[in-house]
Amino acid sequence: MKASMSSTLILGSAIAWASLAGAAPPAREYKTALTTPTSGASTTAIITKASRAGVKVGTGAVTFYLKLSGVVDAGASPVTSTGNTFEVQVIVNGMTRTKDIAFDLAGGKTVPSTVKVPVALTDVATWGGVIAVGQPIEVRRVRVIEVGSGMDFGVAGITAK
């Protein structure tokens, strides 16, 4: 009788643990510093100050955000331009999806100071389907693309010092 009760308790604990082990951990935000691309590609825009990008989850939506500072041209003058692209590549349900967000620069900074774009979990165009609560979204790549040249001038990463 005791062995049977112990077996039931152990089996029940194993099932509970297995169901917990399969659940995605609660990751609420991805944030990254932006740095110069390593590709060596030539753009006229260069990030010279701490800048950041990220993805944050809220109830029923995911917000993509970008804050750039110190964006200068080859002559070290602050860049003012419209129609640049903030691009975030994600994987949802095994499929790669890309969210492109247009943004402007004035005096070397994003306008507004932090660009925020919320996207509903039901936005099929972005996600390829409706995202269920608790479903993981893998952030694969973050970059900022210069208008005109189409070249990356900022990517997720770190800079050695």
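With the radius of gyration and the Kirkwood radius both derived from the Cα set of the range 80-154, what is their ratio Rg to Rh? Please list the in-between numbers first.
Working: Rg = 14.0 Å, Rh = 13.6 Å.
Ratio value, two decimals: 1.03.
Using alpha carbon coordinates only, what is the Rg to Rh ratio of the range 27-156, with Rh defined as the Kirkwood radius? Walk me through the numbers before you get to the answer.
On the way: Rg = 15.0 Å, Rh = 15.1 Å.
A ratio of 0.99.
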May I ask you to sort K161, K56 by Cβ crowding, counting other Cβ atoms within 10 Å and putting the fewest first? K161, K56
Which residues qualify? For T110, with a placed amide H closer than 5 Å and at least 5 residues away or on another chain, they are L68
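Readers should treat all values here as calculations from the given coordinates under stated rules, not as data from a laboratory. Owing to the predicted nature of the structure, the values given are computational and were not obtained by experimental measurement. Every residue, glycine among them, receives a Cβ derived from its backbone with ideal geometry; neighbour counts consider all protein chains shown.
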